[in-house]
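K.L.:
Provided herewith is a single structure, encoded as structure tokens, for subsequent inquiry.
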Amino acid sequence: MMESSPMALATVLLLALLTALSSAKPLLLVTSGRPKCLVVSVPEGTTLAVQYDAPDLVLDGPDSGPVSISVRLARPVASMRDYRAKDRRQQMERLKMAGVETVQLKEQQGSISYDVPMDGEVDVCIRASPASREHPMRFGIEITSEAMMNDDGDPQNNSGNKHLSNMDHTTRRLEGVLARILSEADYAKEREMVFHNQSIAMNAASMWWPILQLCILLVTGFTQVSHMVRFFKTRHII
């Protein structure tokens, strides 16, 4: 039996390490009890699925403590209708109805679902009271939409869908993908509208600012000239 060379063994270990890293979730290092947040920009009607891994979570013992993950709509983007009507009351009511989804971690792996009520930026925050610089805690976070997670998976085998053929399931998945694409396009249009209005406001401000500077310079020059003329007349220089 031939012995494996050190080079071949190192190659196998490197491939195994790369495979493990490619399949792992992105890690977030928490070094204090303050919340550490990730920001996701999503359109209205999206259901976010936050999958987490907490390998350093201690459930019992002196090093244990409350660890939670919260998901909330932090910065909504006003729709075109609300922006034109300048009606923020409806937007604030919808934001209050969204609420905050908070889960106290009782196991090292799990997931959280959150329905986004309106376009905007969603904060996914981790608060780990036992974490410190001497004892940091690692968290693997992966944020996707639940519909996107089922795109490549098998269709759910519930009683209402048993009679559907593979073509029907494929058609439904394609309809879901198309709906998400249209939702993303609408959200991009809303953000473009907000950016366009901000650009118009900045251009208006940049137009009036030089005029204000010119007026200040004219007033300052007139004041200085008047003071010099008065000084020369007082001293009988002219």
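K.L.:
Please go through (1) modelled with pLDDT under 85; (2) acidic (Asp, Glu); (3) closer than 30 Å to residue 195 by Cα for residue 60 and return the number of the only condition it doesn't satisfy.
P.N.:
(3)
The rows are residues; the columns are (1) touching a Phe, Trp or Tyr at 6+ places or on another chain (Cβ under 9 Å); (2) of a type outside the set (D, E, K, R); (3) at pLDDT 80 or above; (4) part of a loop (DSSP other than H, G, I, E, B).
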| position | (1), (2), (3), (4) |
| --- | --- |
| 127 | no, no, yes, no |
| 133 | no, no, yes, yes |
| 138 | no, no, yes, no |
| 147 | no, yes, no, no |
| 152 | no, no, no, yes |
| 163 | no, yes, no, yes |
| 173 | no, no, no, no |
| 177 | no, yes, no, no |
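K.L.:
Turning to a different aspect of this structure: Does any residue in the stretch 39-56 that is outside the structural domain of residue 77 (by TED's automatic domain parsing) come within less than 7 Å, Cβ to Cβ, of a residue that is among the small types (Gly, Ala, Ser) and in a strand (DSSP E or B) six or more places away or on a different chain, and which pairs are these?
P.N.:
Hits for this filter: zero, empty list.
Here is a yes/no grid of residues against (1) modelled with pLDDT of 80 or more; (2) touching an Asp or Glu at 6+ places or on another chain (Cβ under 7 Å); (3) within 27 Å of residue 197 (Cα to Cα); (4) surrounded by 16 or more Cβ atoms within 10 Å (Cβ to Cβ):
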position	(1), (2), (3), (4)
6	no, no, no, no
9	no, no, no, no
19	no, no, no, no
22	no, no, no, no
55	yes, no, no, no
67	yes, no, no, yes
84	no, no, yes, no
93	no, no, yes, no
100	no, no, no, no
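The values are calculated or read from the model by the stated rules, or taken from the named source; none is laboratory data. Here the structure is a predicted model, which means the values were calculated and not measured. Reconstructed Cβ throughout: ideal geometry from the backbone, glycine too, with neighbour counts over all protein chains shown.
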